[in-house]
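Below is one structure, written out as structure tokens; the observations come after it.
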Amino acid sequence: MCYFSFIKSERKGIACVDFYLPDYNIIIEADGDYFHKNSKWKPKVEQKDKVKTDKLIAAGYGVYRFWEHEINESAAGCINKISELNQEKSVVS
């Protein structure tokens, strides 16, 4: 199992993020199932999330988005996915 130290609800200058892992410069966004899937708000939320993610990536952060149900069902699975993707990223770099 992998363990990370994190800061919850951190302001990173250009945006307020759900979780920040300072040791890895990684941001984790938790997309709520109700709010992000609601057809009334979905297009606006998707556009806002894309702009936010693009700005954070441009600022040098690694950004990972997970659905609320993914985190609730398997937080360890989300952590493992981040570890795997981060390792792949460092091999390509």
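The values are calculated or read from the model by the stated rules, or taken from the named source; none is laboratory data. Note that the structure is a prediction, hence the values are computed from the model and not measured. Cβ atoms come from the backbone with ideal geometry, glycine included; neighbour counts cover every protein chain shown.
At-a-glance table
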{"item": "Subset of the stretch 71-83 [closer than 18 Å to ASP33 by Cα and surrounded by fewer than 16 Cβ atoms within 10 Å (Cβ to Cβ)]", "result": "ASN72, GLU73, SER74, ALA75, GLY77"}
{"item": "Every pair of residues 6+ apart whose Cβ atoms lie under 6 Å, when the first sits in the stretch 48-71 and is over 11 Å from ILE14 (Cβ atoms) while the second is buried (at least 16 other Cβ atoms within 10 Å of the Cβ) and among the hydroxyl-bearing types (Ser, Thr, Tyr)", "result": "VAL63/THR53"}
{"item": "Elements of type strands (runs of 3 or more DSSP E) contained in the stretch 1-70, each with 1 or more residues being buried (at least 16 other Cβ atoms within 10 Å of the Cβ) and either modelled with pLDDT of 75 or more or in contact with a helix residue (DSSP H, G or I) (Cβ under 9 Å, 6 or more places away or on another chain) (or both)", "result": "16-21, 26-31, 62-67"}
{"item": "Scope the stretch 71-83; condition in a helix (DSSP H, G or I) and among the small types (Gly, Ala, Ser); matching residues", "result": "ALA75, ALA76, GLY77, SER83"}
